[in-house]
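The values are calculated or read from the model by the stated rules, or taken from the named source; none is laboratory data. Nothing here was measured: the structure is a model prediction, and the numbers come from that model. Cβ coordinates were reconstructed from backbone atoms using ideal geometry, including for glycine residues, and neighbour counts include every protein chain displayed. All accessible areas refer to the heavy atoms of the entire protein, side chains included, with ligands and DNA or RNA removed. Shrake-Rupley method; radii C 1.70, N 1.55, O 1.52, S 1.80 Å.
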Amino acid sequence: MAMPDQDDHAAVSAPLLTRPAYLSSSFSFSSFSSFGSTSSSFADAAASPPSAEGGGAASPMGGPTACKALAVLRDHPGSVSCLSLCGEFLLSACTGADIVAWQQPDLRRFARFGHGEGSVKALAAAGGRVFSAHQDGRVRVWRVSRRSENAFKLVAALPTARDYLGRIFRQASYVQTRRNHKRLWIEHADSISCLAVHDGILYSGSWDKTLKVWRTADLKCLESIRAHDDAVNAVAADGGVVYSASADGRVKAWEKGKAAHFLQGVLVASDGVSWNALAVGTDHRVYAAGSDGHVVGWDRLGSRSAARWTLACDVKAHDMAVLCLCIARDLVCTGSADKTIGLWRRQSSGELTKVGAIGGHDGPVKCLQASWCRVSNGCMVYSGSLDKSIRVWWVPGGLDDNDQQQQQDKCIKDQNQNGKASLFLR
C-alpha cells in the first residue's frame, strides 16, 4: 500500500487550505482552462483572465459563460471506474487496484493506496472510513486519519475473519451459488458493483444478483438478499428504504424491518433495459438511469409502512446509455456513453428540465460526483471517464432554464490546452 508522496507529507498535519476566491465570487468565467498534470491548481484557473477575442466562449444571453471547465486530472493507468467525496478529499479509482486521494481545493494528489485483486468497482465514505468494493468480491475498509503519515489505513476486509470463523463450520451457513459449488452466504460470489452507506448500515450489490447488508459498527454481515434475476448495478438508501437497480430491467425498494429487509415494491419492470445508476434527493424522490438513454424519477408517497411510488418523470436524457447520475440540491447531473454530461433542473412538479450539457471527455462518462457550495451558490461537478481522466467543472446555481429556453439551442465551443473541452448550453 503506497504512502503519501514525500512532497505531501507536510500536508498531513497542515490546516486545510483556504477556499479559492472564485468560489465566493459572483464572477462567471468566459474561458476554459484544463491541466494535464496530476496536480492541478484551481487558483491558477481562477487567475486566468477571460479571453477577449478568439478563444472565449460567449453566453447565449450575450453575457459571460455560466459554466467553467477547471481541471483535468490524469493519474490512473486505466479507465476511471468510480469517484467519492470524503471530507476534504476526492477519491478516485480505476480498473487497477489503486485508489487516489486528491486534496481539495487545489486537487493535488495527496496519497495513493489500494489492496486486492482486480479493479475497484465502487467507493463510499462515512464516519471517518472509506469502503471500497473490488472485483474479487470483497469490500475493504480504510480508516482515514490526518494524524498519521498513513492517512488511509486498511483495517478490514469483508467478510471479516471473525465472521468466517463464526460460520465456516456450520452447514447451514452455506448456499449453492452454481452447480456443485457452495459458498458461505456472507460472501459475494462475483464482483461487487455498488455500495451505499446509510444509518449505520453498508449495502453492497454484486453481479452475483445479491444485496448484502453489513453493520458498520462491527463490520458484521447481517443479511443476504436474493434481490434480482441479473447483476445488481446500483444501490441507494434513504429513510429506511434501500433501492436496488439491476440489469434485469427492474428497480426495487426494500424496507428495513425489525429482523430483515423485505420487498416493499417494484418501481419499474422494463425488459431489455439495464438500470445502471440510482440517486435519491432530499425530497425522497428517486431517479434511475437506463441503458436506453432514459432517466426516470419516482415520488415516494405515504408512510414507510404503507409507502407507494408514483412516476414523476421519464425523459430521454441521452442518445446512448446513461451510465451514472448524481444530485446536488436541485441540480441533476447525468453521464452517458455518448461522452457528455447532462445538466438538469429538478422542478417541484417532478419533471426534469434540461439546462445544459458538458462535453470534453474522449470516452464514456462512467462516474459523477457533485458538491454544492452555499457561499457561491454553485456546484462542483467531478466526472470520471473510460478515457482515464477526471475532469472538474464549476456549474453556478444561477443557470436559469426559463431564460435559456428563450434562445435557440446553441453550441458553445472552446479549446482547452488539449483541444477537447466544450460546453453546450440551451
Please verify whether residue 250 is out of contact with any helix residue (DSSP H, G or I) (no Cβ under 9 Å at 6 or more places or on another chain), surrounded by fewer than 23 Cβ atoms within 10 Å (Cβ to Cβ) and at pLDDT 95 or above, treating the condition exactly as stated. yes
Out of the strands (runs of 3 or more DSSP E) lying entirely within the stretch 90-202, which hold 1 or more residues that are within 30 Å of residue 230 (Cβ to Cβ) and of a type in the set (Val, Ile, Thr)? 98-103, 120-126, 129-134, 139-144, 174-178, 192-198
Taking the stretch 351-375 and keeping residues open to solvent by less than 20 Å² (accessible area, probe 1.4 Å) and part of a loop (DSSP other than H, G, I, E, B) leaves 360, 361, 363
Looking at the stretch 115-142 only, could you name the residues that are open to solvent by 10 Å² or more (accessible area, probe 1.4 Å), farther than 21 Å from residue 326 by Cβ and touching a Leu at 6+ places or on another chain (Cβ under 8 Å)? 115, 138, 140
Pairs, first closer than 16 Å to residue 183 by Cα in the stretch 144-166, second part of a loop (DSSP other than H, G, I, E, B) and among the acidic types (Asp, Glu), C-beta under 8 Å, six or more apart: 159/187
Go through the stretch 227-240 and give me each residue that's over 19 Å from residue 325 (Cα atoms) and at pLDDT below 95. 239, 240
Taking the residues in the stretch 113-150 that are over 19 Å from the mean Cα position of the chain (by Cα) and of a type in the set (Lys, Arg) as candidates, determine which candidate is nearest to residue 71 (Cα to Cα). 146
